[in-house]
Amino acid sequence: MKKTLTTAFSLLLGFSSFSQENTEDSGKFTFSGYVDSYYMANFNSPVDRSNLGTSFSARAFDQKSGQFSIGLVQTKMTYSTSKIDIVGDLTFGPNADLGNYGNVIGRIPGSTGTALAIKQAYVTWKATDKLSLTMGQFGTHIGYEVIDAPINYHYSLSNLFNNGPFYHVGLKAQYTFSDKVYLMAGVVNNVDNLDDNNRAKGIIGQLFVSPIAGWNVYLNVISSAEGNADATGKTPDGTYNLFDLTSTYQISPKFMVGINAASGSQTGNYQTLVSNPKFVKNSGTWGGVAFYTNYSVSDVFSIGARYENFNNQDAVRGLRVDNTTGVTVNSLTVTTTFTVADGHLLIKPEFRSDSFDKNFFVDGDGKNQKSQATLGLAVIAKF
């Protein structure tokens, strides 16, 4: 056994890592991860030192203001051969809890479980050079941003990310036609829940195309019957549908632009979370679009911006004033990144402004506000 620097997962995730190579079967073990923390100053000076607003839903992970906060500790283990990939992705901390909806309650009533720490746990069988099959718990294919802080350019996450989904439990297959086209399709339990709440299954899909060098396009979909099973075990109406477009274009080695657009709907007796009474309205639509750009001034310094419009006027997702009152929000985020310590440390000063169409915040003087601005610093250390 010997230690080597891995490249495959470093290129995929942007992580540095170490590996152990087994010369007998060409298997490679990789261990990687990160730690992040942040400080956010809120110009509204809310009494509760929270960025969440009156309905506790305005931010995904950077929820605290006026105090130093930790985000997430990740440890990711992979073992790969020419025929199989095994992934165990464990996370701990406040952001790990937030990203693991449905994993909080253990199998024993009233207890918590170790499942809360599992962000991903799956096996991929490379059946042929073109076909692979994956089964287990894996991160969603939907959206531009992910839970892993080192991969996102902005530390503060978009409203499209915040309103899910985050992960799926199921089986998916991917067929690679060429380095420019692949198709993924799968069957999953449901949306953001470790255990299925009914007998029906959800369908997921992704089409990737790269029309020209530097331009990547992902067309994503999920459709799932989300109605809670009734007393007889039958699945009532309650369908969740989400269509998503994600695309990036590397205009030059230093300049990149991207877009994420999504349109969702849910009907009927949609699944409700007893512990979170915000999720009670049954039918409606939501959607949004986010534009991204970043420019690498040097190997050390870069700057990027994100503008997003998110519409939840039907109040069917979490970002809303109350159970029946939806909102539209426009958000602007500007982030600079300093990459130091041989690429292992990311320092991110960040400004964000959110403007709602309704009162959504209360400032330190007790006055209602439609907008909120924060200025913060995030530190991400990766290995």
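Coordinate-derived values only; no laboratory data. All values reported here derive from a predicted model rather than from experimental measurement. Reconstructed Cβ throughout: ideal geometry from the backbone, glycine too, with neighbour counts over all protein chains shown.
Report the net charge of residues surrounding residue 374, where surrounding means a beta-carbon distance below 12 angstrom and charges are Lys +1, Arg +1, Asp -1, Glu -1. Let's see the in-between values first.
Working: positive: 49, 59, 64, 352; negative: 62, 350, 354.
Taking every other residue near residue 374 into account, the sum is +1.
The simple Förster model, with R0 at 56 Å and r as the Cβ-Cβ distance, assigns residue 108 and residue 324 a FRET efficiency of 0.95. With a Förster radius of 35 Å applied to the C-beta separation of residue 70 and residue 47, the computed FRET efficiency comes to 0.95.
Applying 1/(1 + (r/R0)^6) with R0 = 35 Å to the Cβ-Cβ distance of residue 84 and residue 199 gives a FRET efficiency near 0.70.
Longer than 31 Å from Cα to Cα, which of 119/348; 83/234; 119/367; 358/382; 201/382; 180/254 are they? Say none if no pair is. Don't skip to the answer; put the middle values down first.
Details: 119/348 24 Å; 83/234 40 Å; 119/367 39 Å; 358/382 39 Å; 201/382 36 Å; 180/254 22 Å.
With Cα atoms farther than 31 Å apart: 83/234; 119/367; 358/382; 201/382.
Among 304-313, 118-127, how do they line up from the highest to the lowest mean number of other beta-carbon atoms within 10 Å?
Details: 304-313: 19.4, 118-127: 17.0.
Order by mean packing, descending: 304-313, 118-127.
Could you tell me which residue out of 339, 142, 378 lies farthest along the dipole of the chain toward its positive end? Charges go on the beta carbon: Lys and Arg +1, Asp and Glu -1, centred on the Cα centre. Among 339, 142, 378, the one farthest towards the positive end of the dipole of the chain is 142. Here the label points at residue 219 and residue 37, each 7 Å from Cα along the C-beta direction, are separated by 4.6 nm in the simple model.
Just how large is the dipole of the chain about the Cα centre, in debye to the nearest 20, putting +1 at every Lys and Arg Cβ and -1 at every Asp and Glu Cβ?
Details: 29 positive and 30 negative charges, 27 e Å.
It works out to roughly 120 debye.
Residue ranges 136-144, 237-245 sort as 136-144, 237-245 when ordered by packing (mean number of other C-beta atoms within 10 Å per residue, highest first). Farthest towards the positive end of the charge dipole of the chain, among the residues 96, 313, 125, is the Cα of 125, using unit charges on the Cβ of Lys, Arg, Asp and Glu.
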